[in-house]
């Protein structure tokens, strides 16, 4: 586990009790190892506190290990095995985080965004709920679909056609699943009132 994955922040799991490695069942430990190891574990944001407890939604997933394992596996594929490029993926995730006011998601993915060419100015636009003027037509189309999916309305033919023209059917599917996944995590974080590292009580 890399130093970049650790934090000296005061650990908090919100409403979910933090689970340290010594407390885990064998099933939980398997999920823990999948989350804390590469490629996630050496990223730019805090995932593991100094006592070994997982931060953010990852600790919460341990409380339901069978489902938690399926969720973390989907997340790993979306982040590290999908066809969308990193900049586009992080633009979408940051837009979701801002729209849903998800503090941990914004904390984590604004840091990832900086590693894939998203500027501070672009992040400021996303944080306000705006579309940055520097985006490509493809990136704009992806954010248009993201906004529609977040608000549960029917996807219009125009929005679908625009995304399809840039990304094909595989891209429409991946973008839709990406939005659904991070919306799901935001709900888990909200239910547990899980803060970003360093912002808890």
#### Entry: Rounded tilt (10° steps) of 137-150 against the dominant C-alpha axis of the chain
60 degrees
### Message
Could you work out [θ]222 nm for the chain from helices alone, using -39500 (n - 2.57) per DSSP H run of at least four and dividing by all its residues? Round to the nearest 500 deg cm²/dmol.
### Response
-19500 deg cm²/dmol
### Message
Residues of the stretch 69-91 with backbone nitrogen within less than 16 Å of a virtual label 7 Å along the Cα-to-Cβ line of residue 42, please, listed as ranges.
### Response
80
### Message
Testing the spin-label approximation: label points 7 Å from Cα along Cα→Cβ at residue 153 and residue 23. State their distance in nm.
### Response
4.4 nm
### Separation in nanometres of the label points that stand 7 Å from Cα toward Cβ, at residue 111 and residue 134
2.2 nm
### Message
To test your reading of the geometry: what angle, between 0 and 90 degrees and rounded to tens, separates the Cα axis of helix 65-80 from the longest principal axis of the chain?
### Response
50 degrees
### Message
Compute the angle between helix 157-192 and the longest alpha-carbon principal axis of the chain, please, reported from 0 to 90 degrees and rounded to the nearest 10.
### Response
30 degrees
### Message
Order these by the 10 Å Cβ neighbour count, fewest first: 154, 134, 12.
### Response
154, 134, 12
### residue 50-residue 76 pseudo-label distance in nm [points 7 Å out on the Cα-to-Cβ vector]
2.9 nm
### Task
Please report 15, 89 as a ranked list, fewest other C-beta atoms within 10 angstrom at the top and most at the bottom.
15, 89
### Message
Contact order normalised by length for the stretch 46-201, with contacts defined as Cα pairs under 8 Å and 6 or more residues apart; what percent is it?
### Response
30 percent
### Query
Stretch residue 161-residue 120 to full length: gain in nm at 0.36 nm per residue minus the Cα-Cα span?
11.7 nm
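FYI, it's all coordinate maths here, none of it is from the lab. It should be emphasised that the depicted structure is a prediction, and the values quoted were computed from it without experimental measurement. When we count neighbours, we look across all protein chains shown, and the Cβ atoms used for this are built from the backbone with ideal geometry, even at glycine.
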